[in-house]
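Visitor: Questions regarding the structure given below will be posed in turn.
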Amino acid sequence: MVTPPNNLYAPPKSAVADVAENDDAERATRGSRFGAKFIDGLCWTVPFIPSYLMAWPTILSGAKAGGGHPRMGIIGVWAMLAGTGIAFYIGALLVLCLMAVTAVLVHRNGQTIGKKCLGIKIVRTDGSRATLARIFFLRYLVTTLLSLIPALGSLYVLVDILFIFGRPERCIHDYIADTIVVKA
């Protein structure tokens, strides 16, 4: 049964179209994404290097004891690092500053420190700006929580990384957050 176009009691009609990915933006290369991740990893690790070096003898003694040393768990290692005194607390303060700088960069440009250094940024698949909440909660927090699942978390991280070699060059966290990484 066909309803006449001037029927006031008919349900409203609208055209619905899928949003296609933005093909106008030039995608970031796998190498630049890896480089940005490497730089970000260095930024988060370097502040704690003095603490690691100070705690190294204790960590080695635990490893020589067959790994059964009571301080060898993740909490024990952090307790050892905190036990290194001022070096740990200065490192923690530097990491808090890095968090603030990264939050500002991600909010303004969709870039972490590494992405800013290599001239790439995170955007939505339609080319619009990705919000700080989308990037933090969907790209980073979900992936981090999934990676913490014993055994399966490591498998998820591996598969997430390997997705970059697919044709769209997007990782699983990109699909979760509906984002792409493009040249800035």
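Visitor: Going by accessible area, probe 1.4 Å, with all protein chains left in place, what is the ranking of Leu138, Leu98, largest first?
Guide: Leu138, Leu98
Visitor: Check which residues have an amide H placed less than 5 Å from Ile120's amide H, if you skip close sequence neighbours.
Guide: Those qualifying (amide H under 5 Å, at least 5 residues apart or on another chain) are Ala184.
Visitor: Can you work out ³J(HN,Hα) from phi for every residue in the stretch 4-13, in order, using Karplus 6.51 cos²θ - 1.76 cosθ + 1.60 and θ = phi - 60°, giving whole Hz and x for Gly and Pro?
Guide: x, x, 9, 6, 6, 9, 6, x, x, 10
Visitor: With the crude spin-label approximation of a point 7 Å out along Cα→Cβ, what separation in nm comes out for Phe38 versus Ser14?
Guide: 4.7 nm
Visitor: How large is the accessible surface per residue of the stretch 96-184, computed with a 1.4 Å probe and reported in Å² as a whole number?
Guide: Heavy-atom accessible area per residue stands at 56 Å².
Visitor: How large, in percent, is the carbon and sulfur part of the accessible surface of the stretch 83-145 at a probe radius of 1.4 Å?
Guide: It is 73 percent, rounded to a whole number.
The values are calculated or read from the model by the stated rules, or taken from the named source; none is laboratory data. Quantities reported herein were computed from a predicted structural model and do not represent experimental measurements. Cβ: placed from backbone, ideal geometry, glycine included. Neighbour counts: every protein chain shown. These accessible areas exclude ligands, DNA and RNA; they are computed on the full protein's heavy atoms, side chains included. Shrake-Rupley method; radii C 1.70, N 1.55, O 1.52, S 1.80 Å.
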